[in-house]
Amino acid sequence: MDVFILAIESSCDETSIAIVKNGKEVISLVIASQMDTHALYGGVVPEIASRMHTEAITMVLDEALKKANMTIDEMSAIAVTYKPGLTGSLMVGIEAAKTIALMYDKPLIGVNHLIGHIYANNIDDKMEFPMLALIVSGGHTELLVMEDDYKFLKLGETLDDAIGECFDKVARVLGLKYPGGPNVERLAKTGNCTYDLPQPVMDNTYNFSYSGLKSAVINLVHNSKQRGEEIRKCDLACSFQSVAIDELKRKVEKAFLETGIKRLVIAGGVSANGYLKEEMQKLCDKYDAKLLIPKLLYCTDNAAMIGAAAYPLYLKGEFSDFSLNASSVGDI
Amino acid sequence: MNTVYIDTHFKKLVLGLLKDGKLVDKKELLSNKHSENTVRLLQELLNDNKLAAKDIEQVIVINGPGSFTGVRIGVVVAKVMGYTRNIKIKAISYLQALDLEYNRDITLGISDKNGVFGGSFNSRHELLKDYFYLSFDEIKKSNLDITILDDKDVDMELIFKYLEDKEEVNPHVLKPLYVKRIDVAND
């Protein structure tokens, strides 16, 4: 029998609800973005995000059901992101999911947002195991091995800043609008990598480090300003992006060599970066490995990936009870 | 007619079940984790009274003011109950709910850790001016005649009666009454 999961995602600044069939087919997906509002403040303001989720939640639900032409009765389970994220924002989705589950006597499934990003790769495609999973987002930079559904082994993670956070900070210092990542990439396309930025520490682990690179860019911009020199912004964006992505490539290459695994999935908001995709494709070609990256729509925060990640839990009968609560941290 | 009453605006979580306006069951919990407890206790309330979701005809929700997160929990639960099961939603502020016991002009307040949420009502329980939030200092300096009622229980049956001829709220439109301004600071 087909499994339909109604999934809710509200961990940051998008209120999203999806209906996903058998963990892979998106029947409907609605995303209400608050990006324009938060752009006014140069970043996400948590209290405003929580307020906007509250106002949007039933309207988004209504649209998701209408687009799918389905009723809640037809759902097999209700899934919701419960960590990691802004707790006040997560809570809106969680309370809504619990209430729907209670009102319709459906099982509730709590989903880790990061695992959701990985499972975005199961939509319209199929993850095969064992595989390497690289998570690159505003809050996380991690490299994992997945032996099977929900079997994770962490190889390494960032010791300081996440790569997405680093992109956003660099965007800000270059005077680019929020959200900074896509704007840095756009600018980098028009430049050349002429600035000499420090490579993150070359150690022999799988860990990442981005704070040194971030500080180097900030200092370079400030020092140039003090000397009254013009910054070639597009060249700096290009140089920064190249060093930042190089760090990812180096660790993935090491994992290809040491684990012998021939599959790589990339997950999280930064997987929307076109330069990252090109470079990783080249790397995968070199090692005859298969690369999976979600469609652009499923790279950024969305509820379809939560529905996809909830599916294996549904099959295993791993349900949450109504004391499910939000958490800002959420290691895999 | 079964009515569920939900109040999550501050430290005490209160759920009530009224049958034709008579309070028949109540769940109370002092906690700072309403998010873990509200739906769980609601389920208990329904189970204890052998009720299913379809048996609920109305939900009364305290829409604020109080803890932002606390108020949001009750409001989101009420919105989703209303939208998914076509349950009639009635909303009332905690201050107005308190005022129902006073049949004269009065300014009532409830305090949080930094100040006081207040509202002035006439003898017909109508709000006279906008709700306000003042710090303890501002309250002291003003010569406001305000009755501060903290940790006071409200009368659910009285609220039910007061709301009987009041309009229901569309679930999409229902939102918390925050009153207090927020500081938006961002580096």
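Among the residues here, B:GLU138 qualifies as assigned to a helix (DSSP H, G or I) and away from every other protein chain (no Cβ under 14 Å). Condition check for B:TYR178 on (1) part of a strand (DSSP E or B); (2) in contact (Cβ under 8 Å) with a residue 60 or more places away in the chain; (3) not polar (S, T, N, Q): one failure, at (1). The set of residues in region A:283-306 being assigned to a helix (DSSP H, G or I), of a type in the set (A, V, I, L, M) and more than 21 Å from the chain's Cα centre (by Cα) consists of A:LEU283 alone.
So, in region B:79-125, of the ones that are of a type in the set (Lys, Arg) and within 30 Å of B:LYS54 (Cα to Cα), which residue ends up farthest from the chain's Cα centre (by Cα)? My answer is B:ARG85. Assess whether B:GLU44 counts as being outside any loop (DSSP other than H, G, I, E, B) and touching a residue at least 40 places away in the same chain (Cβ under 8 Å). No, not satisfied. Residues in region A:54-92 that are touching a Gly at 6+ places or on another chain (Cβ under 9 Å) and more than 9 Å from chain B (Cβ to nearest Cβ): A:ALA79, A:VAL80, A:THR81, A:TYR82, A:LYS83, A:PRO84, A:GLY85. When each of A:VAL221, A:VAL252 is tested for being out of contact with any strand residue (DSSP E or B) (no Cβ under 8 Å at 6 or more places or on another chain), touching a residue at least 40 places away in the same chain (Cβ under 8 Å), among the hydrophobic types (A, V, I, L, M, F, W, C) and part of a helix (DSSP H, G or I), the lone residue that passes is A:VAL221. One residue is enough: does region B:16-35 have a residue meeting the conditions assigned to a strand (DSSP E or B) and crowded, with 24+ Cβ neighbours inside 10 Å? Within region B:16-35, none of the residues are assigned to a strand (DSSP E or B) and crowded, with 24+ Cβ neighbours inside 10 Å. Among the residues of region A:17-45, those identified as surrounded by fewer than 19 Cβ atoms within 10 Å (Cβ to Cβ) and within 14 Å of chain B (Cβ to nearest Cβ) are A:ALA32, A:THR37, A:ALA39, A:LEU40, A:TYR41, A:GLY42, A:GLY43.
Please verify whether region B:62-70 includes one or more residues that are β-branched (Val, Ile, Thr), buried (at least 22 other Cβ atoms within 10 Å of the Cβ), within 14 Å of another protein chain (Cβ to nearest Cβ) and over 21 Å from A:ASP105 (Cα atoms). There is no residue in region B:62-70 that is β-branched (Val, Ile, Thr), buried (at least 22 other Cβ atoms within 10 Å of the Cβ), within 14 Å of another protein chain (Cβ to nearest Cβ) and over 21 Å from A:ASP105 (Cα atoms). Identify all residues within region A:13-28 that are in contact with a helix residue (DSSP H, G or I) (Cβ under 6 Å, 6 or more places away or on another chain) and modelled with pLDDT of 95 or more; write none if there are none. Answer for region A:13-28, where residues must be in contact with a helix residue (DSSP H, G or I) (Cβ under 6 Å, 6 or more places away or on another chain) and modelled with pLDDT of 95 or more: A:THR15, A:ILE17, A:ALA18, A:ILE19, A:VAL20, A:GLY23, A:LYS24, A:VAL26, A:ILE27, A:SER28.
Among all residues of region A:320-327, there is at least one that is within 14 Å of chain B (Cβ to nearest Cβ), under 27 Å from A:ASP2 (Cα atoms), surrounded by fewer than 18 Cβ atoms within 10 Å (Cβ to Cβ) and at pLDDT 95 or above.
Scanning region B:121-177 for residues that are of a type in the set (Ser, Thr, Tyr) and loosely packed, with under 14 Cβ neighbours inside 10 Å gives B:SER123, B:SER135, B:SER142, B:THR147.
The values are calculated or read from the model by the stated rules, or taken from the named source; none is laboratory data. Only a predicted model underlies this, so the values are computations on that prediction, with no experimental measurement involved. As a convention, Cβ positions derive from the backbone with ideal geometry for all residues, glycine included, and neighbour counts pool all protein chains shown.
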